[in-house]
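K.L.:
What follows is a structure written as structure tokens; I'll ask about it next.
Please treat every number below as a calculation from the coordinates, not as lab data. Since we're looking at a predicted model, the values are computed, not measured. Using ideal geometry, Cβ is built from the backbone for each residue, glycine included, and neighbour counts are taken over all protein chains shown.
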Amino acid sequence: MLKNIILKPAVFISFLLSFQLLSAQTRIAVYSTDLSELQTGFSTDINEMNRQNLSNVADRIVSFYTNDDRFLVIDRANYNLIEDEQERQKSEEFIDGYVVEQGKQEGADYIFYTKYLRKEKSLYLRVYDVREGKVFCESEQKFDVFLGVIKDAGKKVAQLLNKVNNECFSVSFPVVRSLDKKAGSKTKILLVAIGRNQKVKENYELEVFHTVTEKVGDKEIKREEVIGKGKIDKVEDANFSQLKITKGGEAIALALKNGEALFCKLISG
């Protein structure tokens, strides 16, 4: 039993690095989605359904990041709710006399701007770097549309945000250990540090990688090398899931045997 608790040095170091990242949160401000290109030539019901689905994009982004300790989310789309409460506290007498300190607003490192593109039938997301005053990165996710109705908006927004996490912020999740009852030449199940807080579900696909160092001239350059893939077999709780390996079981088993630190990235949902 004790063997399952003790982490090898490399894995322990990977957790330390992860917790260091958690302490340096990325602060993002989320604004309402630009719906200026939303087509309104359908029936009233379809128009309202599509507008409602796309109006919820900002809420979905906020929800996606809120429970992830790597990020601090500033909900600009619903900031009027906060302002209303602040004004109420200034003008009304509360029973217990409690009011919050006012006059200071949260600042953001990045701004998330989203827009629906009618011609492409897709959701476009651009990330602005506030400090540098320029575009940090951008990505796009195509919607499924049937008889004018935008389908599975929530799923598509999650897929878009997973792409942004990988391509823009290099978000990864540590591999904790193998869950195989007996160690063999192939790893079948891994325990990985990703769970409900990261909005993952069963059958989400992840790639498993380690960091390798390449010598280029007199320089040493680190890069990520993918050694396997798997699908979420079970979401255990807010922070952990079981990953069923579908490719690269031998390479993963060898890496774990050698005490290497392994990580995962979401590649599809």
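K.L.:
Starting at the first residue of the range 162-174, write each ³J(HN,Hα) from the Karplus equation 6.51 cos²θ - 1.76 cosθ + 1.60 with θ = phi - 60°, in whole Hz, x for Gly and Pro.
P.N.:
5, 5, 5, 4, 6, 7, 9, 10, 6, 6, 9, 10, x
K.L.:
Same structure, new question: Put one equal scatterer on each alpha carbon of the range 108-174, apply the Debye formula with no solvent term, and list log10 I(q)/I(0) at q = 0.12 1/Å to two decimals.
P.N.:
-0.35
K.L.:
Search the structure for amide H atoms under 5 Å from the amide H of ILE267, placed 1.01 Å from N in the peptide plane, and list their residues when 5 or more places away or on another chain.
P.N.:
HN-HN under 5 Å from ILE267: GLU205, LEU206, GLU207.
K.L.:
What is the packing order of peptides 212-219, 56-63, 195-202, taking the mean over residues of other C-beta atoms within 10 Å and listing the highest first?
P.N.:
56-63, 195-202, 212-219
K.L.:
Could you pull out every residue, at least 5 positions away or on a different chain, whose amide H is within less than 5 Å of the one on GLY228? Hs are placed 1.01 Å off N in the peptide plane, and Pro or chain starts have none.
P.N.:
HN-HN under 5 Å from GLY228: VAL208.
K.L.:
Tell me, what HN-Hα J-couplings in whole Hz come from the Karplus equation 6.51 cos²θ - 1.76 cosθ + 1.60 at θ = phi - 60° for each residue of the range 138-146, using x for Gly and Pro?
P.N.:
The phi angles translate into 8, 8, 8, 9, 6, 8, 8, 10, 10 Hz.
K.L.:
Something else now. Determine by what factor the alpha-carbon radius of gyration of the range 172-268 differs from 2.2 N^0.38 Å, reporting the quotient.
P.N.:
Numbers: Rg = 13.8 Å, N = 97, 2.2 N^0.38 = 12.5 Å.
That works out to 1.10 for the range 172-268.
K.L.:
Starting from the Cα gyration tensor of the range 128-207, multiply each eigenvalue by 5, take the square root, and state the resulting semi-axes largest first in whole Å.
P.N.:
Numbers: eigenvalues 200, 88, 19 Å².
They are 32, 21, 10 Å, listed from largest to smallest.
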